[in-house]
């Protein structure tokens, strides 16, 4: 589909063939990013991984992600953090269920956002900066969660000034004012983080050992052999990317999965049968168990098909003139790939609007960017570099939530009445946060045990 948004030509790819064309066959042509107000004001003037333009700086950042930050070895070294925080999630839900009594609902998103945020801040920042007891960062957990929601909303809105540059200064929708405010809030927090890490490096001198991803970023920034210099702003921009990307994808996906399952209790029953058979009722699910849980994995894939975190992926920009299916695409064209539409294409999927995990049983379709029918993390050079971390957190969180609790809707709410409305932005969370009734079903001592 060829459109025009104000001054700029726009092409939308909503089929597997077009996704392959933009993300594989001609990936290098469409690997640039358009200049947007969100990139300028919320990511340190395009210094992050997501919005930085194609070139030496971005290639260096991508290499850093693949070889340093998200290497298999580093992710494995942080498994104990993910296990501990998932266990804390289960303990907190158990306490909430016990305190509220039978039939009282909990707001699931609050718990999912907390576990996601704790996992990513411990891995990236080295500790839970946002503990209620730790006010040193000047940012409360509630404020930070609002900041993340606002970041994804503002990075996905259709800002008039991005399409009609001569109207940009007027900020007709008020988005730029919000972006500037948000950028200052993030900078206050990230400045504190970087300064605290730098102080530790100075104190420890030659005995300093990197403990988290910010430490690694600061070490890389000190490397005199870098092709492109990384300054303090770059470190803050990358850190913000790591926190935001790692938090949003897992919390939103798990909340959608539970929402879909509440409408189809028979699927919960099948997942429970698999979990009881493979895991038993005497322990929790670990990351190493996931390959033996194909039905739970199918639920994750089906959720990502119907509710991709980034429904249009992040916009790309053509770097040179090219042609597709007889149509000319000039350099400077903005390109959107609608993975939301591909996931609902009746030519690809039987009953595409139905939530049916069984469609993935025995299927080789995966979410790792090679199967263009299912691209929740994108594909090609601009694919989400942290997808493997997000997938681990989603799988083990969902598996344990199904293993440890029985799920139901609040009194008076039928499965037909459960709203499935979305908020559209760079991501698509539920419009109305999910309220659910949880009942613990495993021995009580398991919920109290530390990881």
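Figures for the structure shown
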item: Qualifying position, being within 28 Å of the chain's Cα centre (by Cα), more than 14 Å from residue 139 (Cβ to Cβ) and part of a helix (DSSP H, G or I), among 217, 202; result: 217
item: Subset of segment 149-168 (residues that are within 30 Å of residue 121 (Cβ to Cβ), touching a helix residue (DSSP H, G or I) at 6+ places or on another chain (Cβ under 6 Å) and assigned to a helix (DSSP H, G or I)); result: 150, 151, 152, 154
item: Candidate set: segment 320-341, residues that are more than 14 Å from residue 29 (Cβ to Cβ) and in a loop (DSSP other than H, G, I, E, B); chosen: the one modelled with the highest pLDDT; result: 338
item: Lone qualifier among 89, 23, 117 - being at pLDDT 95 or above, crowded, with 20+ Cβ neighbours inside 10 Å and under 24 Å from residue 284 (Cβ atoms); result: 89
item: Subset tally (residues that are under 11 Å from residue 125 (Cβ atoms) and free of Cβ contacts under 8 Å to residues at least 12 places away in the same chain) for segment 197-217; result: 0
item: Single residue of 227, 195 found to be surrounded by fewer than 22 Cβ atoms within 10 Å (Cβ to Cβ) and assigned to a helix (DSSP H, G or I); result: 195
item: Residue match in segment 67-84 (condition: assigned to a helix (DSSP H, G or I), in contact (Cβ under 8 Å) with a residue 40 or more places away in the chain, touching a strand residue (DSSP E or B) at 6+ places or on another chain (Cβ under 7 Å) and on the phi < 0 side of the Ramachandran plot); result: no
item: Residue list for segment 286-319, restricted to those being at pLDDT below 95, touching a strand residue (DSSP E or B) at 6+ places or on another chain (Cβ under 8 Å) and buried (at least 23 other Cβ atoms within 10 Å of the Cβ); result: 313
item: Enumeration of residues in segment 1-57 that are assigned to a helix (DSSP H, G or I) and in contact with a helix residue (DSSP H, G or I) (Cβ under 7 Å, 6 or more places away or on another chain); result: 16, 19, 23, 24, 37, 38, 41, 42
item: Cβ-Cβ under 9 Å pairs, at least 6 apart or on other chains, segment 427-440 side free of Cβ contacts under 8 Å to residues at least 40 places away in the same chain, far side surrounded by 15 or more Cβ atoms within 10 Å (Cβ to Cβ) and assigned to a strand (DSSP E or B); result: 431/422
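The values are calculated or read from the model by the stated rules, or taken from the named source; none is laboratory data. Keep in mind that this is a model prediction, so the values were computed, not measured. Don't worry about glycine lacking a Cβ; one is built from the backbone with ideal geometry, like all the others, and counts go over all protein chains shown.
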